[in-house]
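*Asks:* Starting off with a structure, shown below.
Only the coordinates and a few stated rules stand behind these numbers; no lab work does. It should be emphasised that the depicted structure is a prediction, and the values quoted were computed from it without experimental measurement. For neighbour counting, all protein chains shown are included, and Cβ atoms are generated from backbone atoms with ideal geometry for every residue, glycine included.
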Amino acid sequence: MIKELAQDLVDLIFDWGYLGIFLLMTVESSFIPFPSEIVLVPAGYLASQGQMSITLIMASALGGSLIGAFINYYLALTLGRKVLQKYGKYFFISESALVKMENYFEAHGHISTFTGRLIPGIRQLISIPAGLAKMNIAEFAFFTGLGAGIWALILTLLGYFIGANEELISAYLKQITIAIVILLIVLAYVYYRYQKNKELN
């Protein structure tokens with residue numbers, strides 16, 4: 001089943017090209033649950049075969065990720081928390097997930113729009129608390145683009161170098177995720193110390 005789905009996505013990406021990547025990453029980055037690895041890993045593999053360009057894959061993925069993130073941002077900004085609490089379940093946004101995102105955003109501040117984009121399970125919805133908090137749109141775009149770009153590059157390169165070996169992808173993706181979480185902890189600590197020093201000075 002999974003192999004068939006992956007093959008269908010490879011075929012879709014090959015048929016639709018960069019537009020397919022853009023559209024699928026827009027869906028992945030919005031409130032609809034959809035794993036980005038089954039889009040970008042096959043795309044990276046096609047790049048290794050000389051059938052696609054990594055630069056254009058990245059541009060399409062980043063563009064789609066930003067559009068999807070802006071959908072969530074403006075959804076939260078215009079509807080507000082009460083409406084999302086009441087009707088969010090119809091858009092795959094549970095109240096528990098909303099609370100989890102808000103707590104994460106409050107704990108880590110605006111940089112959470114960057115760090116959150118690198119954490120599976122959080123990355124798709126981190127734009128919602130940013131919208132609720134009315135985060136500066138330029139900062140939101142910058143941190144979202146930075147996080148989404150790093151994640152897209154990791155998955156694309158995985159597909160480029162080991163795209164034909166599903167077991168290796170599974171193993172490396174877990175290792176990379178763990179490494180990213182550790183890196184995020186370090187970054188959060190450095191940012192926290194910087195903010196504290198800034199307040200003291």
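*Asks:* Given the Cα-Cα distance of ALA141 and PHE34 and 0.36 nm per residue of separation, how much length would full extension add, in nm?
*Replies:* Working it through step by step, the gained length comes to 36.4 nm.
*Asks:* Sorted from fewest to most neighbouring beta carbons within 10 Å, what does the list VAL27, VAL99, VAL41 look like?
*Replies:* Ranking VAL27, VAL99, VAL41 by Cβ neighbours within 10 Å, fewest first, gives VAL99, VAL27, VAL41.
*Asks:* For every other residue with a beta carbon closer than 15 angstrom to the beta carbon of PHE140, add +1 if it is Lys or Arg and -1 if Asp or Glu, then tell me the sum.
*Replies:* +2
*Asks:* Could I have the simple spin-label model distance between GLU102 and ILE54, label points 7 Å from Cα toward Cβ, reported in nm to one decimal?
*Replies:* Each label point is offset 7 Å from its Cα along the Cβ direction, giving 4.2 nm.
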